[in-house]
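Comments concern the structure below.
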Amino acid sequence: MSEPLTVAMPKGRIFEEAVELLREAGFPLPPEFDDSRKLIVDANEADLRFILAKPMDVPTYVEHGVADLGVAGKDTMIEEERDVYEVLDLNISECYLAVAGLPGYEKSDINPKVASKYPNLATQYFKEQGEQVEIIKLNGSIELAPLVGLADRIVDIVSTGRTLRENGLVELETIVPITSRLIVNPVSYRMKDTRIDDLVERLAKVVEEDDE
Ligand code: PRP
C-alpha cells in the first residue's frame, strides 16, 4: 500500500470547521481527532495522516514537504509568503484583517506604533498607505497593546468583533477579507497528483454545495 497523504492542520479555531469539511467530503476521521492532545493522527480508513500545528506554522510544514497538504488562513499565507500552491478556497473561518485603535484616534507623525502578529503584512500595508510606522510584533492578545500604551493601533483579525468591543477599541480601516485555504507542496503535487486532485475535487464539491 502507498504512504498516506499527510495533511497539516491548524490547531485552534479553524480546526473544527476543517474537520467537518473533510467528514462532509466523505473522509472517515477517527473520533480521537476531536478530543486528543496527539500531534500526529492517522486516519487509516481515509488513507490520510494529519499533523497538528500552530496555524502560522502550517505553510512551513507544507513548504518543506513534511506535509503534502495543509489548511491555512489567508492571513497566514500573506504573512508567511511560502513556496506552496494555494489550490482551493475552503470558505471557512471567514473573518477579515483590520486596523483598530482607541475611539477618537487621530494620526500623528510622531513615532506612530502599530502592534500585530503579522509584522510583514502590517509593514506592507502601511507602506502602501504611504505612512511610516514602527511595527511591534506580538504573539497574541494584540488588543492589549493600545490599552496599555504599547502601540497606538493594531493590525489584527476581526471575526465577530467581540474582542474589540469588549476592550473598548474601534475598527479604523478594513484591510482584506480572510478565509482558510487548502495549500499543497509543489513537489507532492507533481508526484501524487491523482490522489491530491481527488481530495481537492471532493472538498471543492462540498464547498460548492455549502455555498448554495
Ligand atoms: C483572534 C484575533 C482577535 C480575535 C478576534 O485571536 O487575534 O483577538 O480572535 O475575534 P472576534 O472578532 O470574534 O472577537 P485568537 O482568539 O485567535 O487569539 P490570540 O489573541 O491569541 O491571537
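The values are calculated or read from the model by the stated rules, or taken from the named source; none is laboratory data. Keep in mind that what you see is a predicted model, and the values were worked out from it rather than measured. All Cβ positions, even for glycine, are placed from backbone atoms using ideal geometry, and neighbour counts span all protein chains on display. The area values use the complete protein model at the heavy-atom level, side chains included, leaving out ligands, DNA and RNA. Shrake-Rupley method; radii C 1.70, N 1.55, O 1.52, S 1.80 Å.
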The number of residues in region 6-64 that are in contact with an Asp or Glu (Cβ under 8 Å, 6 or more places away or on another chain) and among the β-branched types (Val, Ile, Thr) is 6
Just give me the residues in region 102-124 being at pLDDT 95 or above, open to solvent by less than 90 Å² (accessible area, probe 1.4 Å) and either of a type in the set (Gly, Ala, Ser) or under 18 Å from the mean Cα position of the chain (by Cα) (or both), in sequence order.
-> ALA115, SER116, LYS117, TYR118, PRO119, LEU121, ALA122
Criterion violated by TYR125 - all others in (1) within 13 Å of the ligand (Cβ to nearest atom); (2) free of Cβ contacts under 8 Å to residues at least 60 places away in the same chain satisfied | (1)
Tell me, please, whether a residue that is more than 20 Å from the chain's Cα centre (by Cα) and open to solvent by less than 50 Å² (accessible area, probe 1.4 Å) can be found in region 54-74.
-> no
With respect to SER93, determine if the residue is polar (S, T, N, Q), assigned to a loop (DSSP other than H, G, I, E, B) and away from the ligand (no atom under 16 Å from the Cβ).
-> no
Could you identify the single residue in ARG195, ARG162 that is within 30 Å of GLY70 (Cα to Cα), open to solvent by 60 Å² or more (accessible area, probe 1.4 Å) and either free of Cβ contacts under 8 Å to residues at least 60 places away in the same chain or within 16 Å of the ligand (Cβ to nearest atom) (or both)?
-> ARG162
Applying the selection to region 10-43, what residues are over 13 Å from LEU203 (Cβ atoms) and within 16 Å of the ligand (Cβ to nearest atom)?
-> PRO10, LYS11, GLY12, ARG13, ILE14, PHE15, GLU16
Just to be sure, is LEU90 under 29 Å from MET191 (Cβ atoms), surrounded by 15 or more Cβ atoms within 10 Å (Cβ to Cβ) and touching a residue at least 60 places away in the same chain (Cβ under 8 Å)?
-> yes
What number of residues within region 165-192 satisfy the criterion of being closer than 20 Å to PRO10 by Cα and open to solvent by 30 Å² or more (accessible area, probe 1.4 Å)?
-> 2
Could you grab me the full set of residues in region 1-50 that are part of a strand (DSSP E or B), aliphatic (A, V, I, L, M) and open to solvent by 20 Å² or more (accessible area, probe 1.4 Å)?
-> ILE40
Residue ID - nearest to the ligand (Cβ to nearest atom), chosen from residues in region 128-159 that are over 20 Å from SER180 (Cα atoms) and among the small types (Gly, Ala, Ser) = SER141
